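Questions regarding the structure given below will be posed in turn.
The numbers here are math on the coordinates, done by the rules we state, and not lab data. Note that the coordinates shown come from a computational prediction; the quantities given were computed from them, not determined experimentally. Don't worry about glycine lacking a Cβ; one is built from the backbone with ideal geometry, like all the others, and counts go over all protein chains shown.
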Amino acid sequence: MGDYSKALEFSEKSHKIYEKALPQNHPHLATSYNNIGGLYTAMGDYSKALEFYEKSNKIYEKALPPNHPNLALSYNNIGQVYNNMGDYSKALEFYEKAHKIYEKALLPNHPDLAIPYNNIGLVYNAMGDYSKALEFCDKAHQIREKALPQNHPDLATSYNNIGQVHNNMGEYSKALEFYEKSHTVREKALPANHPDLATSHNNIGAVYKNMGDYSKALEFYEKSHQIREKALPQNHPDLATSYNNIGGVYNDMGDYSKALEFCEKSYQIKEKALPPNPPDMATSHNSIGQVYKNMGDYSKALEFLEKSHQIKEKALPPNHSDLALSYNNIGGVYKTMGDYSKALEFYEKSHKIYEKALPPNHPELATSHNNIGAVYNDMGDYSKALDFYEKSYQIREKALPPNHPHLALSYNNIGLVYDNMGDYSKALEFYEKSHQIIEKVLAPNHPDLALSYNNIGQVYNNMGDFSKALEFHEKSHKIYEKAPPPNHPNLATSHNNIGAVYNDMGDYSKALEFYEKSHKIREKALPPNHPDLALSYNNIGAVYNDMGDYSKALEFYEKSHQIIEKVLAPNHPDLALSYNNIGQVYNNMGDFSKALEFHEKSHKIYEKALPSNHPNLATSHNNIGAVYNDMGDYSKALEFYEKSHKIREKALPP
């Protein structure tokens, strides 16, 4: 159970005996090749698996009549490998060959007829064609309902697969309904510690995780883990999956030390149980990398994500969608670091693979367009950002049900661009569309609902409607307070945003109170050089600057700057903002040469990092102009103010 190298050793010994004792086209030899192929499949070595399954198939084709069930099984196994390799058209081709044989050889309600329907359904599920997936999974289920007793484990599998499609469609209540039906059958049909019961608990946990109900998700993942601990040997890959899934919940909860602990347990099992390069090892490296990304340790994140990618490159065909995911994740780290050219490079590599590997309306293609749009948004190229966000939205509209959370994400991101462009009525319109979906499909304490309230609050703040802004930020905060744990970074963000409203209202004591609450949480929850800690110092500095306490303002701005210099790319806009803020304090203190020095440092970064019409460049020209104005050099001041004005005329709505 999980010791594949031992199993291979015995299977190959057995095969050598068959080779000596039997004629070369004997069906027992085919069965032997098939068994070895099955082991390579379990080990993630798909090219080897194909080699042995095809050897098996050649013998079956010669030795058996054309409609023999073993030939169908052989086609089915080859289809399974192609499915694992992400070659869905090949997978469908072989599953359909298997189906034709089963149709001819078996009675119309024979349980084995459900197998090809089920497998074809799962391929369509992987392709993102959920209506087709449901159609075939339902056909499989109907056959099993007629042919099998009501507590047969295969009926549970049917319910499970239908639940999986609904989960991918974002229909979480439906997914839960089918996963629970599956679980009820398994409870009656199987012993209490059967691994399939663990799978049931695991799948229910996954739905609760998607719904943002992390305590429920943990409860079911832990039930699953307890069964696996009893039923499986210590180094079984399913135990590794359990640890990885629990780690994923802690990661979403912002408990990064716990997340790392479980992801590393998962990795240790995989190291012992598997050969060095299967895709499962890549998953472990990826999970650890994602935790480090959330912790703000970007060099560590890149290290693990690149390890993951190297394994995938060796193990998978060049256009496998998992390779695209790998490029995507590396791109995500570069985006967070502010290295936008690198981020675009990796996102575009990812996109090219998805375009080749997936049908044109697959949801992953929408995600790919979305991520490229997000980089352009951060770069301030809002027309490009809108273009990609709208491409993403068009795919999601066609591929997903109308209340899918990813559609809400599309509306949210389009709203974000309009917010950045200063078109607040448009921003509100899209944020509210997003909010309506989120309210319908996610748990009432889901972080995405809090984020939705937060974004609406930000627009009202930008519009100067501070009472409305506070109302929405407080709604957001109440959700974050209910969701564990008490030191989640999202709670810090919430305190921060409320502080920002009070700061804009000129209520500096209230602003400081909330910024300091935010800072305390971040100090406990995050590593000492996390960019969010820099943001905390920056915001506290901004309040002291507004209050006229310039020495305090400098102290906090410099603390912020020290972190930013260590963790972000040298041309990250946040570094430019940091220089700008220090420059503002020196200007307020009347130290104009220092002020110019820092504003010019800021400007150089913006010139390298941002498109020529980005609003931040306009702000930069404006701030340099303000220093010259305060120095009494009015011609210089006018020159910079006019540069600023020209950019704003081009970049912003009238």
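How far is helix 69-84 tilted off the main Cα axis of the chain, in degrees rounded to 10, range 0 to 90?
10 degrees
If one computes the Cα centroid of the stretch 518-538 and of the stretch 66-106, what distance in Å separates the two points?
So the two Cα centres are separated by 55 Å.
Can you tell me the orientation of helix 4-21 relative to the chain, as the angle in degrees between its alpha-carbon axis and the longest Cα principal axis, to the nearest 10?
30 degrees
Any idea what the dipole of the stretch 533-651 comes to, in debye rounded to 20, about its Cα centre with Lys/Arg Cβ at +1 and Asp/Glu Cβ at -1?
Numbers: 12 positive and 15 negative charges, 73 e Å.
The dipole of the stretch 533-651 has a size of about 360 debye.
Which percent of the Cα-Cα distances in the stretch 179-290 go past 22 Å?
Values: 1946 of 6216 pairs.
The share of Cα pairs beyond 22 Å in the stretch 179-290 comes to 31 percent.
Mean shadow of the stretch 533-651, computed from the convex hull of its alpha carbons, in nm²? Don't skip to the end; give the middle numbers.
Working: hull surface 27.8 nm².
Average of the hull's projected areas for the stretch 533-651 equals 6.9 nm².
Taking 8 Å as the Cα distance limit and 6 or more residues as the minimum spacing, I'd like the relative contact order of the stretch 533-651 as a percentage. Working shown, then result.
Working: 159 pairs, mean separation 21.8, N = 119.
Relative contact order comes out at 18 percent.
To the nearest 20 Debye, how big is the dipole of the stretch 150-197 about its Cα centre, given +1 on the beta carbon of each Lys and Arg and -1 on that of each Asp and Glu?
Values: 4 positive and 6 negative charges, 10 e Å.
Roughly 40 debye for the stretch 150-197.
Sticking with this one: Given that just one value was derived from the coordinates, which of [x] 28.6, 101; [y] 27.4, 82; [z] 33.5, 115 is Rg and Dmax of the Cα atoms in Å?
[x]
Can you give me the C-alpha center-to-center distance between the stretch 444-502 and the stretch 163-179, rounded to a whole angstrom?
29 Å
With the cut-off at 26 Å, report for the stretch 1-151 the share of all Cα pairs above it, as a whole percent. Write out the running numbers ahead of the final one.
On the way: 3603 of 11325 pairs.
Cα-Cα pairs in the stretch 1-151 separated by more than 26 Å: 32 percent.
Hey, what angle do you get for helix 46-63 against the long axis of the chain, alpha-carbon based, 0 to 90 degrees rounded to 10?
Helix 46-63 sits roughly 30 degrees off the main axis of the chain.
Relative contact order of the chain, please, whole-number percent, based on alpha carbon pairs below 8 angstrom and at least 6 residues apart.
Details: 1066 pairs, mean separation 46.9, N = 654.
With pairs under 8 Å counted, the relative contact order is 7 percent.
A follow-up question, please. Roughly how many nanometres apart are two label points built 7 Å out from the Cα toward the Cβ at SER509 and GLU51?
7.7 nm
Let me ask you something else. Using the charge dipole of the stretch 456-502 (Lys, Arg: +1 at Cβ; Asp, Glu: -1 at Cβ; taken about the Cα centre), state which of TYR502, MET463, PRO486 has its Cα farthest towards the positive end.
Highest projection toward the positive end goes to PRO486.
Work out the length of the dipole vector of the chain about its Cα centre, built from +1 on the beta-carbon of each Lys and Arg and -1 on the beta-carbon of each Asp and Glu, and round it to the nearest 20 debye.
Details: 67 positive and 80 negative charges, 371 e Å.
Once rounded to the nearest 20, the dipole reads 1780 debye.
On to the next question. Considering only ILE246, ASN160, LEU305, whose Cα is most displaced toward the positive end of the charge dipole of the chain, charges sitting on Cβ of Lys, Arg (+1) and Asp, Glu (-1)?
After comparing all options, I get ASN160.
Rg/Rh for the stretch 244-313 to two decimals, with Rh computed the Kirkwood way over all alpha-carbon pairs. Intermediate values should be presented prior to the final figure.
Values: Rg = 11.3 Å, Rh = 11.7 Å.
For the stretch 244-313, the value is 0.96.
Enter the Cα centre distance for the pair the stretch 2-65 and the stretch 357-429, rounded to the nearest angstrom.
One Cα centre to the other: 48 Å.
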